[in-house]
Amino acid sequence: MSSEVEETINTKEVVHESQSASSSNGSLREAFLDWLRSKNPKNCSPDLADDCFDKSSEYSIRKKLYPTPLWNVTDYSVFKSIYNILINDKFFRIQDRSNYKLFLLVGRLYSTFLKQKPLSHKINLVASNESEEKASQQENLQKTPSLTIKEACISVLQNAKGGMTIRQIYEKIIAENLYSFGARNPESVIQTEIERACENSNSTVRMSNKRIFRSEINQSGKKIYFPLLVTLLDDTSQYYPDTNVRLFALQEEQFRSSKIEIWNKSIEQNFCIWMEMENYEPSSVRVYCNAVNQIYRDFRILVDIAVRKSSTMTEAASEFIALLQKDGEFLAISKVLNQFLPALSAFAKFIGIDSVVSFSEVDESSKTAIDDKLISEEKKSRSSKMEIWNKSIEKDFRIWMESGINTSSATKASVYSSTVDEIVQHFRKLVDKAIQESSTMSEAAHRLIAQLQQDSDFNAIKSKYLHLAALKEFARFIDDNSSNDMPAVDGTSGAAIDDMPLPKVEKAETPKVEVWNKSIERDFLAWMESKNYVPYTKKIYSRTIDQIVNNFTILLDTAVYKSTTMTEAASIFIELLRQDHNFTAKSSKNSQFSTSLAAFERFIGSESSDFSSDAISTNRTKTDKRYESGKTDLGSSKIEIWNKSIEQDFLTWMRKKNYASSNRKFYRFYVEMIMDDFSTLADQATRESRTMPEAARKFIVLLRQSREFEVKIEIDHRFNNVLDEYAEFVDYIDHTGLPETLVPEETHINKQLESEVNEELQSKLTDILFKKFPNGFRLDSPIELMRFRRFTADIFGEDIVLSDEELKSAISASGTPFKGKIYVVTAETESRIKHLVDEAFASGTGMIFYKAFYENNEDWLFPASIVSVEMLEVIFQKLFTSSSGYIHKKNYISNRSYTRNELTMIKNEIIRVWGKDVLVSYTHLVERLPYIPFEKIKSVLSYNSDFIWNSGGVYTHISKVNITEEERTRIASFVANSCLANGYASMSDIPMDEIEERNRELTPTAIQNAAFQICLSDKYDKKGKITTRKGGTLNALTIMKDYCRKLDKCSLDDLLSFQEELLGQRENQLISMEAAYAVLVRVDKNTFLAEKYVDFNTTEIDNVIALFVKGEYLPLKSFTTFVAFPHCGQPWNLFLLESYCRRFSERFRFDTPSVNSRNAGAVIRRSCVLTYVEIMADAVARSDVSYEKKAIGRFLYEKGYTGKTITAKASEIIEKAKTIRERKD
């Protein structure tokens, strides 16, 4: 940003300006503030404006955006440039949002002040300095190149007298400072950009639909380029016959790229902000924005007419509104949709039109005053305003397929959606034709289906019926959604603003006052826990508040804007919600909205009496009654359908039914997943029930009725099986009660004796265990017991009077039992463990593996009598109980309330510590995650597609790969077209030069994998470097054959390299060899040729072969000379003979156990009906070889029937050979 302004503002002249204008600075400030007092605008007092400008000036100077205070700027155009820079500065918005929002208004007002110059005669400024300043600043503003590469090339070529090479174009662009290149090879970038839009280009990738350039080869043999309108003929310029048409097209293209916009996302966002500042109702803000958006879409012809006649955004908008006032279609629609007129009136005030003609005063006779010829020409010069497919329609189509009456699976919705997308992209001409001939989307969709059925290209597609089915489903979707009425609202007045550039609003940053964030969410959960809310209820209320905040952001921003504290903002937000009809409708359908909001209201301390509105009190009374009626159940109910205790009972029940250990773990994991994913239904079931079995049954019924659960079952049928098992378990405990949980024998301690043991004796026993039995005391050993008594007598001078059993129980009570032994773990050791674990969790760690913790601290854990990982786990379960919020899994402990599966948690941990690094190695991750085993980290990096392999042991994350939205769309379009044409697309063919330029740290393989994951993974599958559409199949043999048909000559290594690109491996040569033998002719061990390079005389060649093959068959290796073979264009050898017999011979064929390069196989007469196994058995039977597998394998190998000494068919060959010999005998 600073470099931009350094080029924009001449520093020396600005310093001179500050010196000359310093005396007038104060008077200019006072003049503006006096002018502001006379205007008295809403939400902007002079004091606020003064403070806002001072803060903004301080920021611009500190960030080197402008070197002097803004009060020194006296020229309107200069301030307009500075204002534009500031409002689009991201950090300016983030640093002080309230000041930023105020600056939007104050800047426009100051611009109006400079434009009018009310005190220019009172301010003593030197005119010459102003002129020099303005000229210098405007000159510097023009220094920064603002053209694209394509525009720069067009400019250079249009001004050239003849054609230019790429090198000449590049030098001219640099000389005229038309574009600043950042690539290492800018000439290559220019060539790629020109070739993509070149009329006679042979580029494999042509992204542009419009041809702007033309190329020729000059006398020197170099390629030169011209603009499309002009070509070089005999060193003179001559226009093509269709120059006028192309000239019009180019002018139209220039108009499109440079035209004024009166409505876009940025203007829409600022229109909303302006209405909020003018105290419009939130519902009116939303409806007015939607209404103006619809007017802009439906009357684009009038928009273009207005833009052509205007030079500024305000003029264009005024002209557009005037045309609308005369348009009969608009006036007819506005009578039905009565929000159009007040919305347009508000928009007119927003853009600063002081006088707007009343729509009711428009004479009926003036409705046809628009020039019909101009409108008809405009319709011809642009495509139809209708769209039958875009990202928004695609999303709606998927939602429609997955919901409603005719529900479909998510996979089917995805396949149909991608199919329609491919049709629209590939048959764009037919789509445009259908739109032009139709008046509605429904008519256009049906017309497109009819046209496609008559199109030869469409009928040639292999998956034509899938495409038709998808189109017909899309037509049904259009028919079902043909109406789109908007609710009517009353208009609201507001103040006009000046014609100033509007900011590019990317995303609203979080204001200083926040009603909801992670910290407040934690406080809300803690408050509910203090009020004895059950865990499910806490989770549901927290999620619901989060959903409310996300769904009603306009109301939230309004509340924050009007408030100075969190409590005040939350109270206003709740008040606005209860006034909003959308929230009321949601609350009536889902009581969780009202009860959650009531709980949140209690949390922030706002009472019902704080709001005096009758409308609010009525709704609040109903809400409070609903809340109070369910308060007892929600706040105090202890019914749970799944917890640690029920989980153990479930495992015990399955153990009694003799379920395998793996199945028990599987069922427990899936039930836990169901409870986690459908906690809302679980909470509803427990709230409406009195017992656990009743709640569980209601939960099962609600699950069966849930569409989301049906989708899960379609994807994974095991969910259904698990739910059946859980239902059977619920029936069991309803009749018999909860089963007793089995407790390991080693944990049974005689509590009665423990309480009776004297505290002094307990201390002595612990001391003996710690000093004399560091490796543990074996309870079942009489010798250990005798040693214990002796040590006690020696150290303390007295015998223990307890019996053996009593002493064993006392020793058990004095230590930690583990695998039949008692260990003493001191309080200091336990305290140290607890400190390390608490410190890790406090730093953000989400999980600690027992094994990793032990390995990192084994040097002091083992001497402290913690002798294994298993024993450490026992200590962990003792120190970190489930009631304290810890979750113990098989391999790790977590402090998360709701844990996901192990791999997901490890993935989240890796992302948490990744930081700003683009590349991270195994070593770095192990250092940052000391309590997660290396093999676990390696496994997640290898199998999770979000992590991209870059090189040995080094990965990147997809969030670190910089791919622009334009590049994503381009890649998706390229792959869609390739898949439609060929059935697949190769990642190597996708142009990624610019992506590689921006991501220099990544290898090409990493960039390709990242591009697939980011741009294609939702619709395509990838195997090796080949991508195919989801649900489609990749016929590798067919693709290899197609590849071979395009070749005249290739080596075996070339085929294997293409196979590796196709399938990701080259070890198995079967597919490559079969494809090559089926299409090409093998002339030696490493070379294949197209059949046009050989000329076989089949009659003569077959006669020669017959001289060798006396019987039914003969091994290929038996052909030892080729003198008698006629010339065929290539020298004869065994490889050429094999190819001939495979494809060309009329009397012979070739067979072998598998394709090979060892000349293994046999030439067989076509009249022979024996299989190859029978031929090998016949050869064995005719020989004197013994019936041993090794002997037979060696015989077949030496004779040339097989390529290996071991054959899998040895047993079958032996049996058949015995039969043949017996028959002969």
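Each value in this text was obtained by applying a stated rule to the coordinates, not by laboratory testing. Note that this is a predicted model, so its numbers are computed, not measured. Please note: Cβ atoms are built from the backbone with ideal geometry, for glycine as well, and neighbour counts cover all protein chains shown.
As a proxy for reagent exposure, 1127, 446 were ordered by neighbouring Cβ count within 10 angstrom, fewest first; the result is 1127, 446.
Look at 853, 1135 and count the other Cβ atoms within 10 Å of each Cβ; fewest to most, that gives 1135, 853. In sequence order, region 700-715 has phi-based couplings of 5, 5, 5, 5, 5, 8, 7, 5, 4, 5, 4, 4, 4, 5, 4, 6 Hz under the Karplus curve 6.51 cos²θ - 1.76 cosθ + 1.60, θ = phi - 60°, and Gly or Pro positions carry x. Each residue of region 1022-1031 was assigned a 3J(HN,Hα) from its phi angle through the Karplus expression (A = 6.51, B = -1.76, C = 1.60, θ = phi - 60°), giving 10, 10, x, 10, 9, 10, 9, 5, 4, x Hz with x at Gly and Pro. Stokes-Einstein, applied to the Kirkwood radius of region 1035-1079 over Cα pairs at a viscosity of 0.890 mPa s and 25 °C, places its translational diffusion at 242 µm² s⁻¹. Exceedance of the 18 Å cut-off in Cα-Cα distance is limited, within the set 1189/1218; 518/562; 55/115; 586/712; 412/1030; 538/562, to 518/562; 55/115; 586/712; 538/562. When +1 charges are put on Lys and Arg Cβ atoms and -1 charges on Asp and Glu Cβ atoms, the dipole computed for region 770-840 relative to its Cα centre reaches about 280 debye.
Overall shape of region 644-736 was characterised from the C-alpha gyration tensor. The equivalent ellipsoid obtained from it has semi-axes of 20, 18, 10 Å, in decreasing order. Quick one: of 265/391; 644/878; 771/878, which pairs are farther than 18 Å apart, Cα to Cα? With Cα atoms farther than 18 Å apart: 771/878.
Here 1197, 66, 931 are placed in order of increasing Cβ neighbour count within 10 Å, fewest first, which gives 1197, 931, 66.
Just in region 1149-1195: which trypsin sites (Lys or Arg not before Pro) are loop by DSSP and have at most 15 other Cβ atoms within 10 Å? When the trypsin sites (Lys or Arg not before Pro) of region 1149-1195 are filtered for loop state and at most 15 Cβ neighbours within 10 Å, 1158, 1166 remain.
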